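Right, one structure below, let's go through it.
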Amino acid sequence: MKVFVTGIGTINAIGDNADQTFAGLKRGESGISTLRYLKTMHTDLPCGEIKMSYEQLADFAQVNRNSPLVRTPLMGLVAAREAVNSARLSKTTGGNMAFISGTTVGGMDRMEQFYDDFVNNDSKNRYLYPHDIGDSTQYIADKLGLFSFATSISTACSSGANAIIFGAELIKSGRYDIVVAGGCESLSSYHFNGFNSLMILDKQLCRPFDDSRSGLNLGEGAGYIVLESEISAKRRRAEILCELTGYGNACDAFHQTATSENGEGPYLAMTKALEMAELKPCEIDYVNAHGTGTPNNDLTESVALKRVFGANSVPDFSSTKAFTGHTTSAAGGVEAVISVMCLMNDFLPKSLNFSNPIPETGLIPLTENKEKFLRSVMTNSFGFGGNDSSLIFSRL
């Protein structure tokens with residue numbers, strides 16, 4: 001059964017919607033900058049922060065400022081609403097609809113701010129409930145009011161991609177006609193400090209696949225795509241943006257936070273996606289790489305790319321995390337939206353801040369924007385614990 005993409009939506013450091021994001025990619029301007037809203041002592045670490053306060057984000061999401069404001073669901077609501085609107089979904093659309101959202105932080109951004117209040121008084125108890133990741137998902141689903149089923153996926157940095165995989169499986173099983181799937185994640189001191197304790201945050205702008213890379217820049221945001229069965233899309237004469245032709249998930253379980261030297265997990269995820277799509281490696285025209293800028297990830301992803309595509313046949317690839325920051329659980333959703341836009345516009349974004357290739361592999365990402373007829377694009381999302389996923393989107 002075919003699964004089509006009929007809508008997209010995102011908010012991230014370079015754009016408050018899909019069009020702004022695409023324009024930012026074309027301009028080659030990074031959204032990573034000095035922290036403004038996250039309360040932390042580590043102000044020397046640049047991040048891809050959404051340029052809005054809680055109150056501004058609430059207004060943008062069309063939410064009452066007097067309600068408990070949590071960044072993750074607010075950003076998720078903005079992106080999911082855009083995806084729903086772009087697909088022209090409404091309560092009169094018909095068919096069974098589901099919402100699948102990937103997130104890990106949930107309401108941690110508020111929980112950490114009000115911990116002392118929870119312990120010593122009851123003045124902030126209304127922020128206890130939004131802490132749960134399931135609450136973020138249900139909040140978005142309730143605000144949109146379209147879905148008969150909603151659930152959360154939490155597999156670290158592959159959460160958004162795995163939400164899309166689960167959504168596609170729900171459609172192929174015949175359980176749902178339309179699924180809005182992706183991920184949302186806010187910055188929080190808790191996971192910011194966690195990444196910093198691993199010594200993988202760069203004090204400079206991140207440099208994916210560069211020999212001098214020394215870490216990632218965290219980001220926040222949300223990205224969702226609307227998945228739809230062929231029968232449903234034809235019934236309502238939806239505009240079909242592309243087809244989700246393949247996907248693969250693998251877990252190499254090599255290490256809690258590192259990938260194996262031979263890139264086994266990424267290799268298996270990409271290979272499975274190609275097999276499902278019934279595509280040869282040479283038929284992939286662009287890879288939106290996971291490309292975090294960490295020494296471990298970029299080396300092992302490079303090794304895996306050469307294993308999958310051949311030492312001298314790796315297609316054009318780049319990492320967009322130097323634009324948005326690493327949005328962790330939202331990355332699979334944000335980068336799925338970016339990949340769909342690239343496919344629709346025959347456009348490949350460059351990898352920012354690249355100078356010299358990794359000596360062990362010699363791979364060079366795109367250093368300039370490129371216009372190219374695209375048939376199929378792959379996007380990679382690799383999570384802690386070795387939970388790795390790849391998606392393939394193809395032109396009709």
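The values are calculated or read from the model by the stated rules, or taken from the named source; none is laboratory data. As the structure is a prediction and not an experimental result, all values here were calculated from the model. Positions of Cβ are backbone-derived with ideal geometry, glycine not excepted, and every protein chain shown enters the neighbour counts. Ligands, DNA and RNA are excluded from the accessible area calculation, which covers all protein heavy atoms including side chains. Shrake-Rupley method; radii C 1.70, N 1.55, O 1.52, S 1.80 Å.
What the table below lists for this structure:
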quantity: Residue within the stretch 57-69 that is in a helix (DSSP H, G or I), touching a residue at least 40 places away in the same chain (Cβ under 8 Å) and either of a type in the set (A, V, I, L, M) or in contact with a Gly (Cβ under 8 Å, 6 or more places away or on another chain) (or both) present; calculated: no
quantity: Counted residues, the stretch 18-44 - those being closer than 23 Å to Ala83 by Cα and either in a loop (DSSP other than H, G, I, E, B) or out of contact with any Asp or Glu (no Cβ under 8 Å at 6 or more places or on another chain) (or both); calculated: 9
quantity: Val78 vs. criteria assigned to a loop (DSSP other than H, G, I, E, B) and in contact with a helix residue (DSSP H, G or I) (Cβ under 7 Å, 6 or more places away or on another chain); calculated: no
quantity: Filtered residues of the stretch 191-246 (kept if open to solvent by 40 Å² or more (accessible area, probe 1.4 Å) and in a loop (DSSP other than H, G, I, E, B)); calculated: Leu198, Met199, Lys203, Gln204, Leu205, Asp211, Ser212, Ser214, Arg237, Glu239, Ile240
quantity: Single residue of Leu170, Leu146 found to be closer than 29 Å to Ser67 by Cβ and open to solvent by less than 50 Å² (accessible area, probe 1.4 Å); calculated: Leu146
quantity: Candidates Thr361, Thr292, filtered to the one that is in contact (Cβ under 8 Å) with a residue 12 or more places away in the chain, under 27 Å from Ala23 (Cβ atoms), touching a Ser or Thr at 6+ places or on another chain (Cβ under 9 Å) and not basic (Lys, Arg); calculated: Thr292
quantity: From Val5, Val63, residue being modelled with pLDDT of 95 or more, touching a strand residue (DSSP E or B) at 6+ places or on another chain (Cβ under 6 Å) and open to solvent by less than 50 Å² (accessible area, probe 1.4 Å); calculated: Val5
quantity: Search result, residues across the stretch 75-92 that are crowded, with 18+ Cβ neighbours inside 10 Å and hydroxyl-bearing (Ser, Thr, Tyr); calculated: Ser86
quantity: Qualifying residues in the stretch 352-383 (those that are within 17 Å of the chain's Cα centre (by Cα) and either of a type outside the set (A, V, I, L, M, F, W, C) or open to solvent by 70 Å² or more (accessible area, probe 1.4 Å) (or both)) - the one farthest from Cys242 (Cα to Cα); calculated: Gly383
quantity: Residues being touching a His at 6+ places or on another chain (Cβ under 7 Å) and either open to solvent by 40 Å² or more (accessible area, probe 1.4 Å) or assigned to a helix (DSSP H, G or I) (or both) - total across the stretch 260-309; calculated: 2
quantity: Some residue of the stretch 105-123 being in contact with a His (Cβ under 9 Å, 6 or more places away or on another chain), among the β-branched types (Val, Ile, Thr) and open to solvent by less than 40 Å² (accessible area, probe 1.4 Å); calculated: yes
quantity: Residue ranges of helices (runs of 4 or more DSSP H) in the stretch 107-178 with at least 3 members of a type outside the set (A, V, I, L, M, F, W, C) and in contact with a helix residue (DSSP H, G or I) (Cβ under 6 Å, 6 or more places away or on another chain); calculated: 133-144
quantity: Tally, over the stretch 179-190, of residues that are outside any strand (DSSP E or B) and either more than 16 Å from the chain's Cα centre (by Cα) or under 17 Å from Glu230 (Cα atoms) (or both); calculated: 3
quantity: Residue list for the stretch 8-60, filter: of a type in the set (Val, Ile, Thr), open to solvent by less than 10 Å² (accessible area, probe 1.4 Å) and either under 23 Å from Glu112 (Cβ atoms) or at pLDDT below 95 (or both); calculated: Ile11, Ile50
